[in-house]
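The values are calculated or read from the model by the stated rules, or taken from the named source; none is laboratory data. Source: prediction; values computed, not measured. Quick reminder, even Gly has a Cβ in these numbers, built from the backbone with ideal geometry, and neighbours come from all protein chains shown.
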Amino acid sequence: MKKIQYERPVIQRLNAGVMNKFGTKTEYAPVTEIDGNRVKDLITKFGSPLFVLSEKTMRQNYKDANRAFKNRYPKVQFAWSYKTNYMNAVCNVYHQEGSWAEAVSGFEYQKALKNGVPGNKIIFNGPDKTESELRAAIYNNSMIHIDHLDELYLIKELATEMNKRPRVAIRVNMDTGIYPMWDRFGFNYENGQAWDAINKIMLNDKMDLVGLHAHIGTFMLAPSAYAVAATKLSDLALGVKLKYKKNIQYIDLGGGFASKNTLKGSYLQGADSSPSFDQFAEAITTAILNAGFGESDLPLLILETGRALVDDAGYLLGSVISNKRLADGRRATIMDFGVNIMFTSFWYDHKISPAQEFSQYTEDAVLYGPLCMNIDVIRENVTLPPLKRNDQVVVHCVGAYNMTQWMQFISLRPAIVLIDLEEKAHVIRKRETLQTIESEEVLPAYLKEIKL
C-alpha cells in the first residue's frame, strides 16, 4: 500500500474575490500523457524542463481555420507567421499544409527560403528591412509590404538600379474601435497617409502595387474589428480600381486572432471567451463580399495567423524544485522553468496541470521559476494539490512566441520535441550546453591568463 503524503494543516484567511456563476474551483484533472507519450517518460528521455509540440494539433488547427474561411470565400491563402514560432519543423508542418511564409526580419526571410518556400510565396513585413534584404526580396519576386516612406523611396531606387518591378503592398493602420490603436506601423487610413503612399507608388510607375495589408492588433477578441479593417481595405482597393483602372490582387488581414489562453484579469477562461475561426471568418469574408467587388475582381484574402494555430499545440513540461511558505502564509512552489523560457507568463494565466495522480486536497499557491530575479513568477495565484520535490507539471498553450522570445538568462534553454502523427517523439531543437553559449564568444589573448 502506497504511503499517503503528509501535508501539515494550515489555517489561512480565504480571499477568493467576487463569486461568479462558475464558482472558484478550477480543473484538477492530471495530465499524464501527450499524444500517446507519458509525460514522465518524455522527461526521463529528454530532460526537464522540456517543450513538447503536437503535430496532430497543429495540422488539425490549420484544417479548421482553412475550412472556416474557404467555406465562406472563394480565394483564401494562409501565410505562416515566422515570428510566432520559427522552429523549422513547425514552419514546415504549415508549409506542407499549404501555407506560404510571412517574415518580419531578414533572418526569418532567409529561414523561409532555406525551408524551401519559393520567393514569390514569401511576404516580407516589418519596419526594418535593410538594403541588402530588400535586394534579395526584389530579386526573388517576394511581396514586400511597405511600412514607411523612407522604405518606399529606397525600393524605388533599387527598382531602377536592378531594372526590376518589385511586387509591393502598403501596410495600413486604422481606427477599428479597438484602443489603443496600432498606428505606429504603416500608413493611416483616416488622415490620408494611405492614399498618399498609393499615389506615390502608382504615379512613379517603378513598382507594382499588388496588395493592401493591415495588422490591427494582437490577441484580438472582437471579430467585428476585423470586419471594419476589411471594409476599409476594400474601400482603398475599390478606390484604386476607380482611379487607376487597376485591380488590387490581394487583401492581407494579418494575424492577431486570440488563442485559447487566458489573459491576466479575464473574468472567463480563454477557452470560453476567445472567438472561433468561424466567427473571425464570418466577420471578415462578409465585409469583403459586401464591399462592392465584381465577381472577377474579388481579391485574394491572405491571413497571417500564427498564435491561434500553434498555441494550444505547445506544452511545457517541468519539475518541482522545492516548496516554502511565504511571510504571509501563502504556499510557494519553485519550478525548474521560469519566465526566461516562458515569456508569455507576463500576460497569460496559463493552465497548469499536475502530471501525476493526487488527493482531493488543494491549496492556492504562487508558482515561481528558478531564476534569481523577483519577477520570475509563472503564476501569481493558482489552485493546485500539494506538489513535492521532483513532481512534474504540464503547462498548456505555450506554442506561440515562447520559443522565439525566450532568453538565455541564468538557465540554459531546454530541448524542443515534436510528437508526430504516429506518436513518435522527435527532437527538433537540442538542449543548450555551455558550448552553445560560448560558441560565438572571442576571448582576447591578453585575457586568457588570470592570477588570483
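In the range 158-167, how many residues are over 17 Å from Ile198 (Cα atoms), surrounded by fewer than 18 Cβ atoms within 10 Å (Cβ to Cβ) and not β-branched (Val, Ile, Thr)? Of the residues in that region, 4 qualify. Taking the condition at pLDDT 95 or above, surrounded by 16 or more Cβ atoms within 10 Å (Cβ to Cβ) and either assigned to a strand (DSSP E or B) or touching a Phe, Trp or Tyr at 6+ places or on another chain (Cβ under 9 Å) (or both), does Val393 pass? When the stated conditions are applied, Val393 passes them.
In the range 361-379, of all residues being part of a strand (DSSP E or B) and free of Cβ contacts under 8 Å to residues at least 60 places away in the same chain, the one that is nearest to Ala271 (Cα to Cα) corresponds to Arg379.
Across the range 170-191, not a single residue is classified as assigned to a helix (DSSP H, G or I) and either basic (Lys, Arg) or crowded, with 18+ Cβ neighbours inside 10 Å (or both). The set of residues in the range 428-452 that are under 30 Å from Ser54 (Cα atoms) and either in contact with a helix residue (DSSP H, G or I) (Cβ under 7 Å, 6 or more places away or on another chain) or exposed (fewer than 10 other Cβ atoms within 10 Å of the Cβ) (or both) comprises Ile428, Leu434, Gln435. Taken together, the residues in the range 88-135 that are assigned to a loop (DSSP other than H, G, I, E, B), touching a Phe, Trp or Tyr at 6+ places or on another chain (Cβ under 7 Å) and among the acidic types (Asp, Glu) amount to 1.
Is it fair to say Ile251 is out of contact with any Lys or Arg (no Cβ under 9 Å at 6 or more places or on another chain) and within 24 Å of Cys397 (Cα to Cα)?
So Ile251 does not fit the description; no.
Filtered by the rule that a residue be modelled with pLDDT of 95 or more and either under 21 Å from Gly47 (Cα atoms) or not small (Gly, Ala, Ser) (or both), the range 327-342 gives Thr333, Ile334, Met335, Asp336, Phe337, Gly338, Val339, Asn340, Ile341, Met342. Every residue in the range 113-135 that is crowded, with 19+ Cβ neighbours inside 10 Å and either closer than 16 Å to His95 by Cβ or not charged (D, E, K, R) (or both), please. Correct list: Val117, Ile122, Ile123, Phe124, Asn125, Gly126, Leu134.
The set of residues from the range 136-153 being part of a helix (DSSP H, G or I), surrounded by 16 or more Cβ atoms within 10 Å (Cβ to Cβ) and hydrophobic (A, V, I, L, M, F, W, C) comprises Ala136, Ala137, Ile138, Leu152.
Would you confirm whether or not the range 232-241 contains a residue that is of a type outside the set (Gly, Ala, Ser), touching a Ser or Thr at 6+ places or on another chain (Cβ under 6 Å) and surrounded by 16 or more Cβ atoms within 10 Å (Cβ to Cβ)? The answer is no; no qualifying residue exists. Output the number of the condition that Gly106 fails; it satisfies all remaining conditions of (1) surrounded by 13 or more Cβ atoms within 10 Å (Cβ to Cβ); (2) under 21 Å from the mean Cα position of the chain (by Cα); (3) under 30 Å from Ala227 (Cα atoms). Checking Gly106 against (1) surrounded by 13 or more Cβ atoms within 10 Å (Cβ to Cβ); (2) under 21 Å from the mean Cα position of the chain (by Cα); (3) under 30 Å from Ala227 (Cα atoms), the one that fails is (3). Within the range 192-226, being assigned to a loop (DSSP other than H, G, I, E, B) and over 20 Å from Leu303 (Cα atoms) holds for Gly192, Asp205, Lys206, Met207.
Checking Ile410, Ile428, Ile416 one by one, the residue that is farther than 14 Å from Phe46 by Cβ, β-branched (Val, Ile, Thr) and within 25 Å of the chain's Cα centre (by Cα) is Ile410 and no other. Within the range 235-254, being farther than 18 Å from Gly186 by Cβ and part of a helix (DSSP H, G or I) holds for Leu238, Lys241, Leu242, Lys243, Tyr244.
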